[in-house]
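The values are calculated or read from the model by the stated rules, or taken from the named source; none is laboratory data. The structure displayed is predicted, hence computed values, not measured ones. All Cβ positions, glycine included, derive from the backbone under ideal geometry; neighbour counts span all protein chains shown.
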Amino acid sequence: MTVKKKILLIDDDRDFLMATRLILERSGYDVFLAESGKSGVDMIESVSPDLAIVDMMMETWGEGFDVISKIRSLDMGKDMPLIMLSGVDLQGPYQSFEPSDEFPKVNMILHKPVKADDLIRYVGDLIG
(Lines give C-alpha, C1' and ligand atoms only; values in the text may rest on other atoms or scores of the structure.)
Protein backbone atom coordinates (compact mmCIF):
# COMPACT_ATOMS: atom_id res chain seq x y z
CA MET A 1 0.00 0.00 0.00
CA THR A 2 1.42 3.36 -0.99
CA VAL A 3 1.13 6.36 1.27
CA LYS A 4 -0.51 9.35 -0.39
CA LYS A 5 1.47 12.57 -0.57
CA LYS A 6 -0.09 15.41 1.44
CA ILE A 7 -0.69 18.89 0.09
CA LEU A 8 -1.74 21.91 2.14
CA LEU A 9 -3.65 24.62 0.26
CA ILE A 10 -3.60 28.06 1.92
CA ASP A 11 -5.99 30.56 0.33
CA ASP A 12 -8.87 32.71 1.51
CA ASP A 13 -10.92 31.95 -1.62
CA ARG A 14 -13.19 29.05 -0.65
CA ASP A 15 -14.24 28.33 -4.25
CA PHE A 16 -10.61 28.06 -5.32
CA LEU A 17 -9.84 25.76 -2.38
CA MET A 18 -12.72 23.41 -3.19
CA ALA A 19 -11.99 23.27 -6.92
CA THR A 20 -8.27 22.73 -6.41
CA ARG A 21 -8.89 20.08 -3.77
CA LEU A 22 -10.95 18.08 -6.28
CA ILE A 23 -8.24 18.32 -8.93
CA LEU A 24 -5.51 17.17 -6.56
CA GLU A 25 -7.55 14.43 -4.88
CA ARG A 26 -8.45 12.96 -8.27
CA SER A 27 -4.72 12.71 -8.92
CA GLY A 28 -4.19 10.72 -5.74
CA TYR A 29 -3.08 13.35 -3.24
CA ASP A 30 -4.42 13.93 0.29
CA VAL A 31 -5.44 17.58 0.44
CA PHE A 32 -5.80 19.79 3.51
CA LEU A 33 -7.36 23.27 3.41
CA ALA A 34 -6.57 26.45 5.30
CA GLU A 35 -8.73 29.55 4.72
CA SER A 36 -6.23 31.97 6.25
CA GLY A 37 -2.51 32.38 6.47
CA LYS A 38 -2.49 31.91 10.23
CA SER A 39 -4.46 28.66 10.13
CA GLY A 40 -2.21 27.44 7.31
CA VAL A 41 0.96 28.05 9.31
CA ASP A 42 -0.66 26.39 12.34
CA MET A 43 -1.51 23.32 10.23
CA ILE A 44 2.06 22.73 9.01
CA GLU A 45 3.08 20.82 12.12
CA SER A 46 -0.18 18.91 12.58
CA VAL A 47 -0.55 17.89 8.92
CA SER A 48 3.15 17.49 7.94
CA PRO A 49 2.44 18.19 4.26
CA ASP A 50 4.81 17.17 1.51
CA LEU A 51 4.06 20.45 -0.29
CA ALA A 52 2.19 23.68 0.42
CA ILE A 53 0.46 25.93 -2.10
CA VAL A 54 0.11 29.49 -0.80
CA ASP A 55 -1.88 32.38 -2.27
CA MET A 56 0.08 35.64 -2.44
CA MET A 57 -2.86 37.92 -1.64
CA MET A 58 -5.29 36.97 1.10
CA GLU A 59 -6.53 39.41 3.73
CA THR A 60 -3.65 41.74 2.92
CA TRP A 61 -1.65 42.25 -0.26
CA GLY A 62 1.49 40.54 0.98
CA GLU A 63 0.06 37.98 3.40
CA GLY A 64 1.40 35.10 1.30
CA PHE A 65 4.95 36.42 1.73
CA ASP A 66 4.47 36.45 5.51
CA VAL A 67 3.05 32.92 5.45
CA ILE A 68 6.00 31.62 3.44
CA SER A 69 8.46 33.34 5.81
CA LYS A 70 6.77 31.69 8.78
CA ILE A 71 6.70 28.26 7.10
CA ARG A 72 10.41 28.56 6.26
CA SER A 73 11.17 29.42 9.90
CA LEU A 74 9.73 26.08 11.07
CA ASP A 75 11.99 23.01 11.14
CA MET A 76 9.39 21.12 9.14
CA GLY A 77 9.09 23.93 6.58
CA LYS A 78 12.75 24.62 5.88
CA ASP A 79 12.96 22.27 2.88
CA MET A 80 9.26 21.78 2.09
CA PRO A 81 8.44 22.50 -1.56
CA LEU A 82 6.34 25.67 -1.76
CA ILE A 83 4.29 27.00 -4.64
CA MET A 84 3.05 30.60 -4.49
CA LEU A 85 -0.05 31.56 -6.45
CA SER A 86 -0.83 35.04 -7.66
CA GLY A 87 -4.05 36.38 -9.09
CA VAL A 88 -2.33 39.64 -10.00
CA ASP A 89 -0.60 40.17 -13.30
CA LEU A 90 3.03 39.43 -12.57
CA GLN A 91 4.43 42.65 -13.94
CA GLY A 92 6.93 45.07 -12.48
CA PRO A 93 9.07 43.50 -9.76
CA TYR A 94 7.36 40.11 -10.18
CA GLN A 95 7.65 39.89 -13.95
CA SER A 96 11.02 38.21 -13.72
CA PHE A 97 10.70 37.09 -10.11
CA GLU A 98 13.64 35.14 -8.80
CA PRO A 99 13.74 34.12 -5.14
CA SER A 100 16.48 36.02 -3.32
CA ASP A 101 18.06 36.20 0.12
CA GLU A 102 15.52 38.86 1.10
CA PHE A 103 12.62 36.62 0.14
CA PRO A 104 12.30 33.10 1.50
CA LYS A 105 12.67 30.43 -1.11
CA VAL A 106 9.64 29.35 -3.08
CA ASN A 107 10.00 26.61 -5.64
CA MET A 108 7.55 28.07 -8.11
CA ILE A 109 5.22 31.03 -8.66
CA LEU A 110 2.09 30.33 -10.70
CA HIS A 111 -0.46 32.77 -12.04
CA LYS A 112 -4.12 32.09 -11.25
CA PRO A 113 -6.08 30.55 -12.76
CA VAL A 114 -3.82 27.54 -13.21
CA LYS A 115 -4.96 24.87 -15.65
CA ALA A 116 -5.64 21.56 -13.88
CA ASP A 117 -3.20 19.60 -16.06
CA ASP A 118 -0.46 22.16 -15.47
CA LEU A 119 -1.00 22.15 -11.70
CA ILE A 120 -0.82 18.36 -11.55
CA ARG A 121 2.36 18.37 -13.63
CA TYR A 122 4.03 21.04 -11.45
CA VAL A 123 3.06 19.26 -8.22
CA GLY A 124 4.28 15.96 -9.65
CA ASP A 125 7.60 17.55 -10.61
CA LEU A 126 8.09 18.72 -7.03
CA ILE A 127 6.86 15.75 -4.98
CA GLY A 128 6.03 12.92 -7.38
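Structure values in brief
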| item | result |
| --- | --- |
| Filtered residue count, segment 107-118, keeping only those that are touching a residue at least 40 places away in the same chain (Cβ under 8 Å) and more than 15 Å from residue 87 (Cα to Cα) | 1 |
| Residues of segment 24-34 that turn out to be closer than 18 Å to residue 86 by Cβ and either touching a residue at least 40 places away in the same chain (Cβ under 8 Å) or surrounded by fewer than 17 Cβ atoms within 10 Å (Cβ to Cβ) (or both), as a count | 0 |
| Residue match in segment 80-94 (condition: surrounded by fewer than 16 Cβ atoms within 10 Å (Cβ to Cβ), modelled with pLDDT of 85 or more and in a loop (DSSP other than H, G, I, E, B)) | no |
| Counted residues, segment 95-119 - those being modelled with pLDDT of 85 or more, in a loop (DSSP other than H, G, I, E, B) and either among the β-branched types (Val, Ile, Thr) or closer than 12 Å to residue 68 by Cα (or both) | 3 |
| Where a residue in segment 59-75 is within 12 Å of residue 12 (Cα to Cα) and its partner, wherever it lies, is part of a helix (DSSP H, G or I) and of a type outside the set (A, V, I, L, M, F, W, C), with Cβ under 6 Å and at least six apart | 63/37 |
| Count of segment 1-24 residues which are among the charged types (D, E, K, R) and not in a helix (DSSP H, G or I) | 6 |
| Residue match in segment 25-40 (condition: part of a loop (DSSP other than H, G, I, E, B), over 20 Å from residue 128 (Cβ atoms) and charged (D, E, K, R)) | yes |
| Flag for residue 30 being over 14 Å from residue 123 (Cβ atoms), acidic (Asp, Glu) and at pLDDT 90 or above | no |
| Any hit, segment 42-52, residues being within 16 Å of residue 127 (Cβ to Cβ), over 13 Å from the mean Cα position of the chain (by Cα), assigned to a loop (DSSP other than H, G, I, E, B) and at pLDDT 95 or above | yes |
| Yes/no for residue 32 being touching a helix residue (DSSP H, G or I) at 6+ places or on another chain (Cβ under 8 Å) and aromatic (Phe, Trp, Tyr) | yes |
